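A short write-up of the structure that comes next.
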Amino acid sequence: MTPSALVTGASSGIGAAFARALAARGHPLVLVARSEDALDSLAAELDVPVRVVVADLTTTEGLDRVEAELGGVDLLVNNAGAATYGELGDQTHDDLDDAVLLNVLAPTRLTAAALREMAPGSGIINVSSTAAGRDDPATGAYAAGKAYLETLSRAARHEGEQHEIRVTVVRPGRTSTAFHERSGEESAHLPAWRWQSAERVAEAALDALERGDDEVTVAPGDGHERR
Ligand SMILES: NC(=O)c1ccc[n+]([C@@H]2O[C@H](COP(=O)([O-])OP(=O)(O)OC[C@H]3O[C@@H](n4cnc5c(N)ncnc54)[C@H](OP(=O)(O)O)[C@@H]3O)[C@@H](O)[C@H]2O)c1
């Protein structure tokens, strides 16, 4: 049977593109996010068996629910993520807590559970960013969270070798999704060449995992397709 895949943050953007790309490759899916309507309409459009799991990954209850799914899948895509644009001192407690819970704690918990629960031959894709590790004050907590995710992924890759579980990091550059508007960044004025499509990111990540690559950077303006 074709392996099944669980995608977090599947209700929009890069996560929805992962879901469509995986469905086109014939994989049954578990789709995770908070927006039930968006997940249901995506599920209705796909030609593979789909299970929708509505979960807020900043909550213990949501994380527990998603962890419980991992024994039944062969690919985990840790894609859910968000940023609040602005300097650290200007951010609310909720913004800061969410940045750490969603971008750091959730992929940590799910990567650990995947290493424990998934069968040999399985894979994990962790969605980082070209912003990982950048010291731009406007995106400090986000960039730090993605740098953490990359370090965690390297450790998970070594651990995964013992269980025949591959770990691939995808590092997208600026991608045309709701992410930027949600973060509060003014980016609508940027020219088309600064952007790429979510589909391009998802395809490149799945190809990299299939090849057994440790990581892939997918940035606009590198001579490939743009939005
Ligand atoms: N767009 C870019 O330029 C870019 C560049 C580099 C990296 N990335 C990374 O790509 C990933 C996907 O982002 P995107 O660009 O596709 O943005 P997006 O369209 O805003 O999608 C974010 C996804 O995360 C989900 N999510 C947010 N908070 C959540 C929560 N508390 N619990 C569960 N799910 C939650 C959202 O679903 P709900 O709101 O329905 O929960 C949505 O499905 C993120 O990790 C982001 O850091 C994006």
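The values are calculated or read from the model by the stated rules, or taken from the named source; none is laboratory data. Small disclaimer: the values here were computed from a predicted structure and weren't measured. Quick reminder, even Gly has a Cβ in these numbers, built from the backbone with ideal geometry, and neighbours come from all protein chains shown. Side chains are part of the model used for accessible areas, which takes the heavy atoms of the whole protein and leaves out ligands, DNA and RNA. Shrake-Rupley method; radii C 1.70, N 1.55, O 1.52, S 1.80 Å.
Can you confirm whether LEU190 is open to solvent by less than 70 Å² (accessible area, probe 1.4 Å) and part of a loop (DSSP other than H, G, I, E, B)?
It is true that LEU190 is open to solvent by less than 70 Å² (accessible area, probe 1.4 Å) and part of a loop (DSSP other than H, G, I, E, B).
Quick check, is THR60 more than 10 Å from the ligand (Cβ to nearest atom), open to solvent by 50 Å² or more (accessible area, probe 1.4 Å) and β-branched (Val, Ile, Thr)?
Taking the combined requirement at face value, the residue satisfies it.
Please count how many residues of segment 139-183 are part of a helix (DSSP H, G or I), near the ligand (Cβ under 8 Å from one of its atoms), of a type outside the set (Lys, Arg) and closer than 20 Å to ALA204 by Cα.
Of the residues in segment 139-183, 1 are part of a helix (DSSP H, G or I), near the ligand (Cβ under 8 Å from one of its atoms), of a type outside the set (Lys, Arg) and closer than 20 Å to ALA204 by Cα.
Does ALA21 meet the test of being more than 10 Å from the ligand (Cβ to nearest atom), open to solvent by less than 20 Å² (accessible area, probe 1.4 Å) and not basic (Lys, Arg)?
Considered against the rule, which asks whether it is more than 10 Å from the ligand (Cβ to nearest atom), open to solvent by less than 20 Å² (accessible area, probe 1.4 Å) and not basic (Lys, Arg), ALA21 comes out as yes.
Just to verify a result, which residue in segment 68-89, among those that are open to solvent by 40 Å² or more (accessible area, probe 1.4 Å) and either closer than 21 Å to LYS146 by Cα or in contact with a Leu (Cβ under 6 Å, 6 or more places away or on another chain) (or both), is nearest to the ligand (Cβ to nearest atom)?
ALA82
For residues that are within 15 Å of the chain's Cα centre (by Cα) and in a helix (DSSP H, G or I), tally how many sit in segment 193-219.
Adding up the residues that qualify gives 11.
Results for (1) over 15 Å from the mean Cα position of the chain (by Cα); (2) β-branched (Val, Ile, Thr), shown as yes or no for each residue.
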position	(1), (2)
VAL30	no, yes
ASP56	no, no
ASP90	yes, no
ASP95	yes, no
ALA106	no, no
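From the list SER129, SER41, which residue is in a helix (DSSP H, G or I), modelled with pLDDT of 95 or more and among the polar types (S, T, N, Q)?
SER41
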